[in-house]
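So the structure is just underneath, and the comments pick up after that.
The values are calculated or read from the model by the stated rules, or taken from the named source; none is laboratory data. Since we're looking at a predicted model, the values are computed, not measured. FYI the Cβ positions are ideal-geometry reconstructions off the backbone, even for glycines, and counts take in every protein chain you see.
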Amino acid sequence: MNKKFIFLLFWLVFVSGCAHVQKDYVFQNALFSVFESGSYNGTMTLDELKDHGNFGIGTVNALDGEMIVLDGDFYQVKADGKVYLLRKQVQSPFAEVNFFEPDQIFFPGWNLDYAALCDYIDKFTGSKDKFYAIKVQGKFKSVKVRSVPAQTQPYPTLKEALMNQKIFNYDDIEGTLVGFRFPQYMDKLNVPGYHLHFLSQDKSRGGHLLDCRINDVSIEVDELSKYTLEVAK
């Protein structure tokens, strides 16, 4: 058999195997209960995180705002409400990412608020014991988001830090919700239920989602079968 053909066949099997490993899993770089206690020093660079996903949410070193990962790019929403494209050398103390490949796409009716939107997704995804990556994209009648200023040592707990959060309200805006739904039994390992961040279409505004009202959106759902946690060194 031709040696070049054997090499090509081996390479295709190797790449296919890697792609299979990466599919349908969510990667998390720190235990949430440790993070929320005030552990805000970065544990992994964004360059390292990108090996585990092109879609997700988190924060950056010193809890300096909210982080959104969309289409392989890392964005930071600072406490001024503005969005900044992050360098791959930046470190993150907490993030959750995956290689997003939707299994289902829905087109809900207009004028659902955040609670109704979650109920709508629950209705079609079924079991609440499974992991899901969620992308909601399109036009929003309103969006309410927050961000947090960078913290200084000794770091406060997350609950204390959120007392200084900055809240922003946007009307008639296009953009994308990025995030996950984790089962209730993941309490302490992660945030149970829905955890979504918003990024405007023009990449100028965003934050951690507090509330919204949809206008005309699509909902993409990626059902995940594996969960990987890397405990901070």
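Of all residues in region 27-45, those satisfying the criterion of being in a loop (DSSP other than H, G, I, E, B) and either within 16 Å of the chain's Cα centre (by Cα) or not assigned by TED's automatic domain parsing to the domain that holds Ala62 (or both) are Asn29, Ala30, Leu31. Only residues that are of a type in the set (A, V, I, L, M) and within 17 Å of Phe198 (Cα to Cα) were counted in region 88-115, giving 4. For region 62-87, filtering for residues that are more than 21 Å from Thr228 (Cα to Cα) and touching a residue at least 24 places away in the same chain (Cβ under 8 Å) leaves 16.
Scanning region 121-166 for residues that are within 20 Å of Ala95 (Cβ to Cβ) and of a type in the set (A, V, I, L, M) yields Ala133, Ile134, Val136, Val145, Val148, Ala150, Leu158, Ala161, Leu162. Entry remark, region 202-219: residues being surrounded by fewer than 19 Cβ atoms within 10 Å (Cβ to Cβ) and touching a Lys or Arg at 6+ places or on another chain (Cβ under 9 Å) number 7 in total. Is it the case, given these coordinates, that Lys203 is farther than 25 Å from Val34 by Cβ, part of a strand (DSSP E or B) and modelled with pLDDT of 95 or more? No. In region 206-233, of all residues being over 19 Å from Leu112 (Cβ atoms) and acidic (Asp, Glu), the one that is modelled with the lowest pLDDT corresponds to Glu230.
Can you tell me which residue is surrounded by the fewest Cβ atoms within 10 Å (Cβ to Cβ) among those in region 105-116 that are at pLDDT 95 or above and not in a helix (DSSP H, G or I)? Checking each candidate, the answer is Ile105. Of everything in region 117-159 that is at pLDDT 95 or above and among the small types (Gly, Ala, Ser), the residue that is surrounded by the most Cβ atoms within 10 Å (Cβ to Cβ) is Ala133.
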